[in-house]
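The structure under discussion appears below in the form of structure tokens.
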Amino acid sequence: MPDSTPLQLSHADMKALGEYALSAAMRHVETLRDQPVSRRLLSREETEALLRVPMPEHGTDPRQLIDQLVRDVFPHVLHADHPRFYAFVPSPTNWVSILADLLVSAHNVFTGHWLAGPTASQVELVVVDWLKSLCGLPESGGGIMVSGGSMANLTGVAAAREAKLGGPDERGTLYCSDQTHSSMAKGVRLLGFRREQRRTVPTDDRLRLSVPALEAMIRDDRAAGRRPFCVVANGGTTNTGAVDPLHEIADVCEREGLWMHIDGAYGAAAVIVDRGREALRGMERADSITLDPHKWLFQPYEIGCLLVRDARTLRAAFRLNDDDHADYLTDVVRHISDEVNLYEMGPQLTRSFKAVKLWLSLRAFGLSEFRRAVDVGFDMADEAERCLREDSRWEIVTPSQMGVVTFRWRGDGSLSDAERDARTPHVVDAMREDGYALIMSTQLKGRPAFRICAINPATNAQEIREAIRRLAGFAERLG
């Protein structure tokens, strides 16, 4: 029961409630493999019936509310941490990082500026330096933790615009491939770029940005009086895991004086293993890199990162002029010498302590364990491709690369392309409702394709094969 202070619990009540909640979390983690990955998609009417209540004037036993979350909410979300979640980009977690999130919430750490949390800011600087080193960026580099790839891409383009254009310019032109993540389109729109200022470069037969097409676009845009300033390369696309020809793109950017941003939200973390490092050769030449630890570094949502070759470019883009300085931050800045105010390096003033969960888990497990975990993703995508090739009813669209394989149903060969394509969404829905594993589809060159992204380190070959067997069964029956 609460004591006399509003919104506070006694020691005994905190301990009992904490143990109750922690037990629920542990049950989820320990039984995850036995749970369905997904369930039938609830309608809005059903969710209203489950969860709509009037604003309460008086409280309810928190244990009853935890029970309701466990019963009515958590079972109906897609379990991106599940070993058989092969859709989108999985987000497998680890218990050390889960506890880090608990500790951060308990201490309610603010990392917007040095005055509020010098040690928390220092942890973030250390983690950024670790990631910067792994990606091959120089000592002059830096970076900042953000919520995820969308904010990292937006922040990177903002830095590029300031560095290359000096600010907003209606003639500024940015280039990205037709496989670039949709967050880039949203980000540049939020920064004020018109649709025609974002140029979509076609891809080659491996779905990598075409360098000849890029060079032709830049040449034509300069001739038309535009100001090319940035090329966005992919360091492992969400669709297929494709990595653009990074060295060739870097050569173009150096020759043309353009900023090179790599969207490695999904794939950049794979640089810690030999196969990933080989695929990502040239990443070290980028001016900025997006990397999401809540993907292939096995952290709970939300933790993304933007890395830059020169840390000064972030301050140039986000530090306010003296005329715009907030009076209430006077005490924050008056003692600054070599300290770092992280709010001056990105869009946010209020920032949570995101870096600590990656710091804690890397310290606890060591990089070698993370390497073992990343290798599983490569191995399981290779296993999925082997399984698909053993069955003539499947057609490989893009082979295993960076933990991703895409494929289509061929059946007995009697179906037209249109008939096969029309069947795909029904097979996806059946797979989701079955709950054993989640395999979904994407669009490749205007046609749907199934896609497996198998980067959870708990994934195994037997389950991959069973998931594909079930998918084939649905494809046959739905005919």
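The values are calculated or read from the model by the stated rules, or taken from the named source; none is laboratory data. Since the structure is predicted, the reported quantities are computational estimates derived from the model, not experimental observations. Ideal geometry is used to build each Cβ from the backbone, glycine not excepted, and the neighbour counts take in all protein chains shown.
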Practice task
From the list Thr173, Thr200, Thr155, pick out the single residue that is modelled with pLDDT of 95 or more, surrounded by 18 or more Cβ atoms within 10 Å (Cβ to Cβ), under 22 Å from the mean Cα position of the chain (by Cα) and outside the structural domain of Thr406 (by TED's automatic domain parsing).
Solution key: Thr155
Handout entry: Residue selected from region 432-448 under the condition of a type in the set (Lys, Arg) and modelled with pLDDT of 95 or more, by the criterion surrounded by the fewest Cβ atoms within 10 Å (Cβ to Cβ)
Key = Arg447
Problem - Arg470 surrounded by fewer than 18 Cβ atoms within 10 Å (Cβ to Cβ) and touching a helix residue (DSSP H, G or I) at 6+ places or on another chain (Cβ under 8 Å) - result: yes
Handout entry: Candidate set: region 46-105, residues that are more than 30 Å from Ala265 (Cα to Cα) and small (Gly, Ala, Ser); chosen: the one surrounded by the most Cβ atoms within 10 Å (Cβ to Cβ)
Key = Ala49
Exercise for the section: Please specify each residue of region 77-117 satisfying the condition of being touching a residue at least 12 places away in the same chain (Cβ under 8 Å), farther than 24 Å from Arg351 by Cβ and not aromatic (Phe, Trp, Tyr). Expected result: Leu78, His79, Asp81, His82, Pro83, Arg84, Ala87, Pro90, Pro92
Handout entry: Verdict on Ile439 being closer than 16 Å to Ser38 by Cα and touching a residue at least 60 places away in the same chain (Cβ under 8 Å)
Key = yes
Exercise for the section: Answer with yes or no whether Thr180 is modelled with pLDDT of 95 or more, in a strand (DSSP E or B) and buried (at least 20 other Cβ atoms within 10 Å of the Cβ). Expected result: no
Handout entry: Tally, over region 319-333, of residues that are part of a helix (DSSP H, G or I) and loosely packed, with under 13 Cβ neighbours inside 10 Å
Key = 7
Handout entry: Residue in region 188-197 that is at pLDDT 95 or above, within 29 Å of Val405 (Cβ to Cβ) and touching a helix residue (DSSP H, G or I) at 6+ places or on another chain (Cβ under 9 Å) present
Key = no
Fill in the blank from the handout: Filtering region 206-228 for residues that are in a loop (DSSP other than H, G, I, E, B), aliphatic (A, V, I, L, M) and over 14 Å from Arg171 (Cβ atoms) leaves a count of 1
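Can you tell me which residues in region 334-351 are surrounded by fewer than 16 Cβ atoms within 10 Å (Cβ to Cβ) and in a helix (DSSP H, G or I)?
Across region 334-351, there are no qualifying residues.
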Practice task
Output yes when any residue across region 398-407 is touching a Pro at 6+ places or on another chain (Cβ under 8 Å), surrounded by fewer than 21 Cβ atoms within 10 Å (Cβ to Cβ), at pLDDT 95 or above and under 29 Å from Val273 (Cβ atoms), and no when none is.
Solution key: no
